[in-house]
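Peer 1: Starting off with a structure, shown below.
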Amino acid sequence: MKKWTECHAPLRISFIFRIVAIMFLCLAVTCAGAAGAVVIEPDSDLHEVMGDLYALSVAMRLYYDDTHKTQCPALDELIHYLKRPLPDDWPSDYRTAAFQGDWWVGRKVPEFSTARKFLRDNAPSLGLYEQESQNAWLGGAFVWVCAVSFDNKAKPVPVPEKAVLKVAQGEGNDSQYLFFNSPGTDYYWRSGFIYTTEAHADALKKFGIDTKGPFEVPPPPSYAPETLTASPVELPPNFTLSGEEEFDARMGDVLFNPVPRRQDQ
């Protein structure tokens, strides 16, 4: 038995190394899959806010490429990239601004929007700001993102690979839309804006990716309806009303609740 163990020890060690190698390979594949995952939230309120921010950010990038102007464009100068009709709340719910030479886009967050908690909890990782103070968004009326940054030569600043804006073609019911990635995350958002045919093609040409979706907003989760039953209303045991409390209620009379008396009194 001892001789068999010594002869087969190298085989057992080799087998163990193979198992470990397979485990590491599986872990690497899992991590790679997670890193390239596509996360699309089912909350339509989130897409209305986040999608609009990035849709206008891309429109700003297209505007700069077309004009090479370094003055922050007004909303009216971005309409050229969007199909009509525009939302009813245009332009009161949208803003553009220049801060320290960079171009910013702001989007109003409805006061009772279901998106508020998610935006507040994820503001640092998603790059969401309170424009007035440049702090992470904490619940102000407008949420802001930096759309275009410029260097000292008034040219867009090259950004790290993880911060590159990415755009994907929508699928299924969302085939007319584009989905926009929050740089450095796996989140993708669909805006309510629809680009013109030319702007749609330019956005995909300059920022499009081959990441597999599906790029379609999933339906909100369904919850089983809660059944509510009312308990019967009854008088407590051993309580009754004596005839002394009976009275004739007439129009204009003041009504008093009779005091219950125990039967054993």
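Peer 1: For G208, enumerate residues with amide H under 5 Å from its amide H, sequence gap 5+ or separate chain, H modeled in the peptide plane.
Peer 2: The answer is V167.
Peer 1: I'd like the FRET efficiency for I209 and S44, computed as 1/(1 + (r/R0)^6) with the beta carbon distance as r and R0 of 25 Å, rounded to 0.05.
Peer 2: On the way: r = 23 Å, r/R0 = 0.94.
That gives a FRET efficiency of 0.60.
Peer 1: Moving on. Any of K83/K108; K108/K205; K108/K212; K69/K117 with alpha carbons more than 27 Å apart? Name them for me. The partial results should precede the final answer.
Peer 2: Numbers: K83/K108 21 Å; K108/K205 29 Å; K108/K212 31 Å; K69/K117 37 Å.
The pairs that break the limit, which is 27 Å between Cα atoms, are K108/K205; K108/K212; K69/K117.
Peer 1: Now a separate question. Taking Cα pairs under 8 Å and at least six residues apart, what relative contact order does region 44-207 come out at, in percent?
Peer 2: Numbers: 257 pairs, mean separation 45.3, N = 164.
Computed value for region 44-207: 28 percent relative contact order.
Peer 1: Gain in length, D89 to D186, computed as 0.36 nm per residue apart minus the alpha-carbon separation, to one decimal in nm? Before the final figure, lay out each step's value.
Peer 2: Values: separation 97, 0.36 × 97 = 34.92 nm, distance 2.92 nm.
Extra length from D89 to D186 when fully extended: 32.0 nm.
Peer 1: Short version: ³J(HN,Hα) in whole Hz for each residue of region 164-180, in order, from phi by Karplus 6.51 cos²θ - 1.76 cosθ + 1.60 (θ = phi - 60°), x for Gly and Pro, what are they?
Peer 2: Those phi angles translate into 5, 6, 10, 10, 10, 6, x, 10, x, 5, 9, 5, 8, 9, 10, 10, 10 Hz.
Peer 1: Using per-residue counts of other Cβ atoms within 10 Å, averaged over each peptide, order 126-134, 107-115, 178-186 from highest down.
Peer 2: Averaged packing, sorted descending, gives the order 178-186, 126-134, 107-115.
Peer 1: Apply the Karplus curve 6.51 cos²θ - 1.76 cosθ + 1.60, θ = phi - 60°, to the phi angles in region 206-214 and return the couplings in whole Hz, x for Gly and Pro.
Peer 2: Along region 206-214, the couplings run 8, 10, x, 10, 9, 4, 7, x, x Hz.
Peer 1: Using the basic label-point model (7 angstrom from Cα toward the beta carbon), what is the Q176 to D65 distance in nanometres?
Peer 2: 2.4 nm
We did not get these values from a lab; they are worked out from the coordinates using the rules stated. In this text the structure is predicted, and so the values were computed from the model without any measurement. Note that we place each Cβ from the backbone using ideal geometry, even for glycine, and neighbour counts take in every protein chain shown.
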